[in-house]
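*Asks:* This is the structure I want to talk about, given as structure tokens.
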Amino acid sequence: MYPIISLSITGLLTLFLGFADNKKLVFPLSILFLLLALGLSFVDWNAPGYYFNGMLAVNNESIAFWAIVIVTAILVLSLSEGFDRIEFSQPAEYLAIAQFSLVGAIMMVSYNNLIMLFLGIEILSVAMYVLTGADKRNLRGNEAAIKYFLMGAFATGILLFGIAMFYGATGSFNLDSVSDLMQEGSADALFLWIGCTFMLIGMLFKVSAAPFHLWTPDVYEGAPTIFTAFMSTIVKTAGFVALFKILSSAFNGLGEVWAIMFAVVVLLSLVIGNLGALSQSSFKRLMAYSSISHAGFMLLALLGDHNNALSTILFYSLAYTLATISAFGVLLVVSKERTENGRAYEKIDLFRGLIKENGFLTAVLTISMLSLSGIPLTAGFWGKFFVFSNASGSDFFWLIIVAVLMSAVAIYYYFKPIKEAFDRSGELSTIKINSIFKIIFGITTLGTIVLGIFPDLIRSIF
Amino acid sequence: METQLPAIPDIIAQVPLTNYILLASILFIIGVVGVFVRKNAIIMFMSIELMLNAVNLLLVAFSSYKSDPNGQVFVFFIMAVAAAEVAVGLAIIVMIYRNIRTIDISFLDKLRG
């Protein structure tokens, strides 16, 4: 609960820092504020309880997710490398909005009442709409912002209609009392069915699972790279925990109804995400389709045994986050010097000849791509392994076979950037990376490998 | 512990709950259709607001018939959040208008794979 309060206050403070003449202070102070929030998260460690009249439920699992979300934000925002980029012409505003968005993410992973779910989603989403359009003069950024905004607001409307119908059926927004009602089976079946369906659709929109993924490639491509990294990691992690909480408590008595619907969504996400990525030439679009397919994998974990699902999601989102930060970080560094039509060049062949220019960046990119495709000895492999072992207890064994086939397809497109990087025919201009970037790449790459060798490190927390 | 729900006032009971649900559903569907059919960003935006207000009506109706104030509290949250969303949404639309002098979203086709 404390990080919510501290981030709200420090977010406002950051806004005021924007008035100062020396804007160089804003960035280190924001990182300090995030570290403060990270420290305060652990005040409630081993002291589970409810806050704000049972609105928020805090336990060790949710604190672990708070820590992931805040650490991700620190790593991603550190990639902003000073303020020479156009989207950072007003650093204080963007860093403040990033802190506010974390408040939403924290509420989404620890809500115990549907009001808090709605508020968390909205705080996170509204902040992301602003960050997507951060590059005001860029038409692609504008297009991404309006698409994200219209789709996101539409999804919110659908989610709210679901919540209203759910309220009509059960008479409560509280997850605990709702799940008691569901066990008794005393809720109105028609309203309940409509409510659950609409709520699921709204949530699936937010985590960009197929067939509700249509906004993802455009938004990922158009948004400034650093905020693409921000939304593909934080929004995804928070969204999946929110989805898990709703499925494991409120929808508990529903069983079959959502399981079949869910299986279809998993199938579509896996197929559309992986087959869609095959033909992409833009690296950011490739990552967008890869994020759709990873949504499919994470949903697969939710289909199985609920007792292990949360730690599986924790591991998977950590693995995905580390690899994604590396990938977008390398893109940021390499694409800085190359422009096309007044905009950073972000095609996959951008990486051609990277091995000649900078071996370190090649290694970072290679390990991140290997982890995303699920090659052993990286965190991504164990993420997929835990998902499959979790889902094997469910009735949908055929889905696991589809998922394995699709991860074989995925290897093809994840190797495209690696192939380009090792292609010695290309010529790249000199790449300068500063020490902050080196530290971040070190953390993410080492994290990927350490989790790949000792996967029990994370799962032993619970 | 069984608490006795207070009786629904007559003035509310005169209109059956089904009517409210039907009206809210119709408003919601008009909103959904508006988002899909119209190309003007402002009109799409208005349609989304219509969806949110349909939800508000639905929540208030359920809340009255269940004699439970939670639903009405939720409506206040939706209104506040919708206002914040309007501020951001209109800012985005103004930003686009400054760049391309139109808010017809069919002119926004720079992003494709």
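*Asks:* What are the lysines whose alpha-carbon lies under 18 Å from the alpha-carbon of A:LYS206, with same-chain residues fewer than 8 places away excluded?
*Replies:* List returned: A:LYS147, A:LYS236, A:LYS245.
*Asks:* Okay, moving on. Let me know the mean shielding of B:52-59 by other chains, meaning the per-residue number of their Cβ atoms within 10 Å of its Cβ.
*Replies:* 5
*Asks:* Another one. Taking a cut-off of 37 Å, what percent of all Cα-Cα pairs in the protein assembly as shown are separated by more than that?
*Replies:* Details: 49029 of 165025 pairs.
Roughly 30 percent, rounded to a whole number.
*Asks:* Which of rounded, prolate or oblate describes segment A:30-164 when judged by the alpha-carbon gyration tensor and an a/c cut-off of 1.5?
*Replies:* On the way: a/c = 3.21, a/b = 1.26, b/c = 2.55.
Oblate, since a/c reaches 1.5 and b/c is not below a/b.
*Asks:* A further question follows. Could you state the per residue volume, in Å³, of the convex hull enclosing the Cα atoms of segment A:204-328?
*Replies:* Values: hull volume 10.7 nm³, N = 125.
Normalising the Cα hull of segment A:204-328 by residue number yields 86 Å³.
*Asks:* Show me A:165-172, B:104-111 ranked by packing, highest mean number of other Cβ atoms within 10 Å first.
*Replies:* Details: A:165-172: 24.2, B:104-111: 14.6.
Highest mean packing first, the order is A:165-172, B:104-111.
*Asks:* Also: So, by mean Cβ neighbours within 10 angstrom, what's the order for A:20-29, B:81-90, A:239-248, A:278-287 with the highest one leading?
*Replies:* Values: A:20-29: 13.7, B:81-90: 16.8, A:239-248: 22.8, A:278-287: 20.5.
Answer by packing, highest mean first, reads A:239-248, A:278-287, B:81-90, A:20-29.
*Asks:* Sticking with this one: Pull out the extension gain between A:ASN53 and A:ALA259, defined as 0.36 nm times the separation in residues minus the alpha carbon to alpha carbon distance; nm, one decimal.
*Replies:* Between A:ASN53 and A:ALA259, full extension yields an extra 71.0 nm.
*Asks:* Please give the net charge around A:TYR412, taking every other residue with its beta carbon less than 15 angstrom from that of A:TYR412, where Lys and Arg add +1 and Asp and Glu add -1. Don't skip to the answer; put the middle values down first.
*Replies:* Details: positive: A:LYS416, A:LYS419; negative: A:GLU420.
Net of charged neighbours comes to +1.
*Asks:* Considering only DSSP states other than H, G, I, E and B, which GluC sites (Glu not before Pro) in segment A:310-395 qualify as loop sites with at most 14 other Cβ atoms within 10 Å?
*Replies:* In loop regions of segment A:310-395 (DSSP not H, G, I, E or B), the sparsely surrounded GluC sites (Glu not before Pro) are A:GLU337.
*Asks:* Using mean Cβ contacts within 10 Å as the protection proxy, how do B:39-51, A:216-228, A:108-120 order, highest first?
*Replies:* The peptides rank, most packed first, as A:216-228, A:108-120, B:39-51.
*Asks:* Could you give the DSSP H helices of chain B that reach 24 angstrom or more along their long axis (alpha carbon positions) and whose average Kyte-Doolittle hydropathy is no lower than 1.6?
*Replies:* B:17-37, B:70-100
*Asks:* Work out the mean other chain Cβ neighbour count within 10 Å for the residues of A:164-174 and drop it here as an integer. Mind showing how you got there, number by number?
*Replies:* Values: counts 17, 7, 1, 9, 11, 1, 1, 9, 4, 6, 1.
For peptide A:164-174, the averaged partner shielding equals 6.
*Asks:* Taking every residue in A:143-152, how many Cβ atoms of other protein chains lie within 10 Å of its Cβ, on average?
*Replies:* Shielding by partners across A:143-152 averages 6.
*Asks:* Right, another one. Using only the Cα atoms of segment A:101-171, build the gyration tensor, take square roots of its eigenvalues as a ≥ b ≥ c, and label the shape rounded, prolate or oblate: rounded if a/c is under 1.5, else prolate if a/b is larger than b/c, else oblate. Let's see the in-between values first.
*Replies:* Numbers: a/c = 5.71, a/b = 1.88, b/c = 3.03.
The shape class here is oblate.
*Asks:* Report, in whole Å, the centroid distance computed from the Cα atoms of segment A:326-384 and segment B:1-70.
*Replies:* Between the Cα centres of segment A:326-384 and segment B:1-70 lies a distance of 49 Å.
*Asks:* Roughly what percent of Cα-Cα pairs across segment B:25-113 reach past 16 Å?
*Replies:* Working: 2442 of 3916 pairs.
Distances greater than 16 Å cover 62 percent of the Cα pairs.
*Asks:* If Lys and Arg each add +1 and Asp and Glu each add -1, what is the summed charge of the other residues whose beta carbon sits under 12 Å from the beta carbon of A:LEU243?
*Replies:* +3
Read-outs throughout are calculated quantities, based only on the coordinates presented, and are distinct from any laboratory measurement. Just so we're clear, the structure is a prediction, and the values are computed from it rather than from any experiment. Using ideal geometry, Cβ is built from the backbone for each residue, glycine included, and neighbour counts are taken over all protein chains shown.
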